[in-house]
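S.K.: Sharing a structure with you now.
The values are calculated or read from the model by the stated rules, or taken from the named source; none is laboratory data. No experiment lies behind these values; they were computed from the predicted model shown. Backbone-built Cβ (ideal geometry, glycine too); neighbour counts: all protein chains shown. When the accessible area is computed, the model is the full protein with side chains, heavy atoms only, and any ligands, DNA or RNA have been set aside. Shrake-Rupley method; radii C 1.70, N 1.55, O 1.52, S 1.80 Å.
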Amino acid sequence: INAEYMGSRFYTMEKFFIFLPLFVFQCVHVVHEGHIGVYTRGGALIPSITNPGLHFKLPFLTQVHEVQVTLQTDKVTNIPCGTSGGVVIEFDKIEVVNRLKKDLAYQTIKNYSINYDKTWIFDKIHHEINQFCSGRTLQEVYITKFDELDENLQAALQNGCNQWAPGIEIIAVRVTKPRIPEQLGANYENMEAEKTRFLLARETQRVNEKQAETERILARIQAETQSEIAKLEMEREILVKEGMKKLQEIENEIQKVKKEAESEVLAYRNEKEAEINALKLSAEFIESQMLEQLRNVPKSLYTKNVTSLLGELKGRPVSYTHLTLPTIYSV
């Protein structure tokens, strides 16, 4: 009996030591960085949230869920939609960058479960894509309005979250080009090729126009430069001519003054000569000159009575001091 008792006891202890690590393992759990710990017990959400680190829970009764509260990217794939023209296209992938606010995490999970993003991101994307496509043509969805799709999706998602799930923040939306039927795709490729050729031709024309405009501008600049040079040369020549004119005027003024001086000297000389000539025409001067001339002329007198002739000459009032006495011959 003792042997059976001892064997049973060892068996019990063996089971205890075997199940003890398993029990401890079920009690201890880890919440990783960037996540929070959310707990459910019997399917009901427990109003307690734990931060990253090592934590304990009731084994087998409490389940722990790690919920990311940092930026995460949800990828929604294979989204079909129909345009207003009835063409069915499909978006291969739409990426939504979002974040769950830590302070509102419990309320969001309580209302929409751990998979809150299925309701407000995955399902909402399908709905908004169909809304976008149904009101637009294939040309608008695929070409002209495609650049607005990501902004419209982000605004629609954020508006819905602000109203019903304020704990969800939509950061950005990235949309890939949709897949369209092959025949339409070939048409669009041809259109793009034609558009590319048209743009190339237009750019070539624009370049040629710019080049021609540049040449015209250069020609105008060159003509203006030549005109300015000619104008400057003309102004320089005018200045030279004006300088020469002023020099000539100065020279003429000098000559004029000189001639006026000469005329005044000549007039003065003529005036003096006239005065001298006037003095020469006086009776005294004429008589003096005549007597001067007569003085140098040899004279001969013929008379019968020399004594009477000398008496007559002596009786005249004329001075004979400068006269040469004549030679007197007696007849």
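S.K.: Scan the stretch 69-103 for residues that are assigned to a loop (DSSP other than H, G, I, E, B) and either at positive phi or open to solvent by less than 10 Å² (accessible area, probe 1.4 Å) (or both) and jot them down.
M.R.: G86
S.K.: Count, please, the residues in the stretch 106-138 that happen to be in a helix (DSSP H, G or I) and in contact with a helix residue (DSSP H, G or I) (Cβ under 9 Å, 6 or more places away or on another chain).
M.R.: 18
S.K.: Here's something else I'd like to know. Looking only at the stretch 38-62, count how many residues are polar (S, T, N, Q) and modelled with pLDDT of 90 or more.
M.R.: Selection size over the stretch 38-62: 3.
S.K.: Also, I was wondering about something else. Identify all residues within the stretch 152-181 that are part of a helix (DSSP H, G or I), among the small types (G, A, S) and in contact (Cβ under 8 Å) with a residue 12 or more places away in the chain; write none if there are none.
M.R.: Correct list: A156, G160.
S.K.: Another question about this same structure. Look through H55, H32, H65, H126 and report the one residue that is touching a strand residue (DSSP E or B) at 6+ places or on another chain (Cβ under 8 Å), surrounded by fewer than 13 Cβ atoms within 10 Å (Cβ to Cβ) and of a type outside the set (S, T, N, Q).
M.R.: H32
S.K.: Count, please, the residues in the stretch 178-194 that happen to be surrounded by fewer than 12 Cβ atoms within 10 Å (Cβ to Cβ) and either of a type in the set (K, R) or under 30 Å from R99 (Cα atoms) (or both).
M.R.: Looking only at that region, the number is 0.
S.K.: Right, here's the next one. Specify which of the listed residues (L200, L218, L184) is touching a residue at least 24 places away in the same chain (Cβ under 8 Å) and either part of a helix (DSSP H, G or I) or touching a Phe, Trp or Tyr at 6+ places or on another chain (Cβ under 9 Å) (or both).
M.R.: None of the others qualify; the one that does is L184.
S.K.: Right, K210: open to solvent by 100 Å² or more (accessible area, probe 1.4 Å) and either within 37 Å of the chain's Cα centre (by Cα) or touching a residue at least 24 places away in the same chain (Cβ under 8 Å) (or both) or not?
M.R.: Here the answer is yes, as K210 does meet what is asked.
S.K.: So N115 clears everything in (1) free of Cβ contacts under 8 Å to residues at least 60 places away in the same chain; (2) more than 53 Å from the chain's Cα centre (by Cα); (3) open to solvent by less than 70 Å² (accessible area, probe 1.4 Å) except one condition, right? Which one?
M.R.: Exception for N115: condition (3).
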